[in-house]
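The values are calculated or read from the model by the stated rules, or taken from the named source; none is laboratory data. Not measured: the values here are computed from a predicted model. Neighbour counts are summed over all protein chains in view; Cβ atoms, including those assigned to glycine, are modelled from backbone coordinates with ideal geometry. The area values use the complete protein model at the heavy-atom level, side chains included, leaving out ligands, DNA and RNA. Shrake-Rupley method; radii C 1.70, N 1.55, O 1.52, S 1.80 Å.
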Amino acid sequence: MSQTLPLRARAEIDLAALRANVRALRARAPRAALMAVVKSDAYGHGMVPCAKAALAAGATWVGTATPHEALALRAAGIRSRVMCWLWTPGGPWREGIEADLDMSVSGLWALTEVTAAAREAGRPARIHLKADTGLGRNGCQPADWPELVAAALAAEAEGTVEVTGLWSHFACADEPGHPSIAAQLDVFRQMVEYAEKAGVEPEVRHIANSPATLTLPQTHFDLVRTGIAIYGISPSPELGTPADFGLRPVMTLAASVALVKQVPAGHGVSYGHHYVTADETTLGLVPLGYADGIPRHASGRGPVLIGGKWRRVAGRVAMDQFVVDLGGQKIEEGSEALLFGPGDRGEPSAEDWAQAADTIAYEIVTRIGARVPRVFLNEDPDE
């Protein structure tokens with residue numbers, strides 16, 4: 001959807017802001033290539049339009065978690081380098097090979113499956129060996145690294161794989177000064193050095209995510225993987241606001257007020273009556289709920305801009321709607337309720353909602369569901 005319509009609710013996606021964010025991030029890591037991470041439907045922003053806008057702004061790689069996301073990008077005509085990293089046994093390895101994907105390998109089981117698929121496809125697979133340098137999720141442990149490297153080199157000699165990358169992921173890059181940052185970087189350097197001395201000639205070495213791209217230039221290597229930052233959200237309030245890094249939030253979440261009514265003092269609001277009106281007042285009904293991704297944990301706290309004033313969710317967030325106490329202010333049905341955005345009109349930010357729900361801004365934007373239409377602003381027909 002490409003224009004603003006009188007909808008129940010909408011998530012406006014400013015592609016011009018996204019392009020500007022990519023350019024700002026490229027300036028932070030001028031000697032490294034930039035990967036735009038568009039997993040989880042581009043953190044809720046719309047995978048294909050965001051990928052195209054990021055590539056137009058200078059990204060040369062696109063990253064996804066699942067292979068199915070990566071294959072969807074290919075089906076949409078994305079021809080850049082595409083990497084995906086969250087594989088499970090029996091995954092679509094052959095389809096990935098035939099689609100020219102770069103695929104992550106964290107253990108021998110994955111190498112066995114991808115080499116078998118390469119033989120079937122009659123062409124080598126491009127793989128990135130992932131090192132677990134301390135995050136403890138995916139990736140190969142240092143003790144198992146020699147075996148994986150040796151097996152990958154044997155497969156490369158056989159012609160079934162090309163080791164195009166060596167990579168890892170930080171646990172605490174969003175926490176300035178955390179001791180694990182230096183420790184992981186040291187382990188990564190050691191594991192890369194081992195692989196290269198053994199004969200691996202990677203095209204790219206990469207460990208930097210958004211916070212590392214913004215604040216740790218020593219981690220940039222050949223490629224930086226930027227996710228939340230390209231959507232104009234700071235990876236951590238401790239690191240700085242989006243504006244501190246020259247970034248602009250890309251998503252604005254808005255809804256049309258569905259009902260305004262006057263109620264007496266002592267009137268319960270929403271399930272459980274956790275909110276009861278102190279005085280005679282007006283209530284406004286906002287037609288968004290936890291089925292749309294509005295966090296129930298923000299009940300009683302989530303901020304909304306209506307009629308030029310910040311209001312808070314009154315009572316519990318329900319599946320499809322929540323209520324705000326307008327304090328007697330006269331608001332017309334159909335008036336705009338701004339939940340979050342870049343702040344141009346004084347509206348809250350995704351970070352404000354994150355604090356209200358005791359979570360992170362990543363979750364706030366990513367969880368906005370498919371029932372909320374994405375309205376893309378500043379589209380470029382050449383992308």
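Within 12 Å, Cβ to Cβ, of residue 127, how many net charges do the neighbouring residues add up to if Lys/Arg are +1 and Asp/Glu are -1?
Surrounding charge for residue 127 is -3.
Residues of the chain: accessible area per residue at 1.4 Å, in Å²?
41
Expressed as an acute angle from 0 to 90° and rounded to the nearest 10, what is the orientation of the C-alpha long axis of helix 47-56 relative to the principal long axis of the chain?
The two axes meet at around 70 degrees.
Would you work out which of 263, 274, 239 lies farthest towards the positive end of the dipole of region 181-275, given +1 charges on the beta-carbon of Lys and Arg and -1 on that of Asp and Glu, about the Cα centre?
263
Please give me the summed charge of the neighbours of residue 239: other residues whose Cβ is under 10 Å from its Cβ, Lys and Arg +1, Asp and Glu -1.
With Lys, Arg at +1 and Asp, Glu at -1, the net is -4.
Could you tell me which of rounded, prolate or oblate describes region 1-74, using a ≥ b ≥ c as the square roots of the eigenvalues of the alpha-carbon gyration tensor, with rounded for a/c under 1.5 and, failing that, prolate when a/b is larger than b/c and oblate otherwise?
oblate
Would you mind putting 48-55, 21-28 in packing order, based on average other-beta-carbon counts within 10 Å, highest first?
Taking the mean over residues of other Cβ atoms within 10 Å, the ranking is 48-55, 21-28.
Tally up the carbon and sulfur contribution to the accessible surface of region 303-380 as a whole percent, 1.4 Å probe, everything protein left in place.
Looking at region 303-380 in its full context, I get 47 percent from C and S.
Using only Cα atoms and rounding to the nearest 10 degrees, what angle (0 to 90) does helix 179-198 make with the longest principal axis of the chain?
Helix 179-198 sits at roughly 30 degrees to that axis.
What's the angle, to the nearest 10 degrees (0 to 90), between helix 145-158's Cα axis and the longest principal axis of the chain?
70
If each of residue 320 and residue 377 carries a label point 7 Å out from its Cα toward its Cβ, how far apart are those two points in nm?
2.9
Can you spot the aspartates and glutamates whose alpha carbon is less than 15 Å from residue 261's alpha carbon? Ignore those fewer than 8 places along the same chain.
Once the sequence-local aspartates and glutamates are set aside, what remains near residue 261 is 279, 280, 325, 332, 333.
How much of the DSSP bridge set in region 147-303 is antiparallel, in percent, rounded to the nearest 5?
Antiparallel bridges make up about 65 percent of those DSSP assigns within region 147-303.
Kindly rank 238-248, 92-102 from highest to lowest mean number of other beta carbons found within 10 Å of each residue.
Ranked by mean Cβ neighbours within 10 Å, highest first: 92-102, 238-248.
Below 14 angstrom from the Cβ of residue 215, what's the summed charge of the other residues (Lys, Arg +1; Asp, Glu -1)?
Residues close to residue 215 contribute a combined charge of -3.
In region 104-191, what percent of the accessible surface is made up of carbon and sulfur (1.4 Å probe, ligands and nucleic acids excluded)?
52
So how strong a dipole does the chain carry about its Cα centre when Lys and Arg Cβ are +1 and Asp and Glu Cβ are -1, to the nearest 20 debye?
Here the size comes out at about 560 debye.
Among 273-285, 162-174, 225-237, what's the highest-first ranking by average C-beta atoms within 10 angstrom per residue?
225-237, 162-174, 273-285
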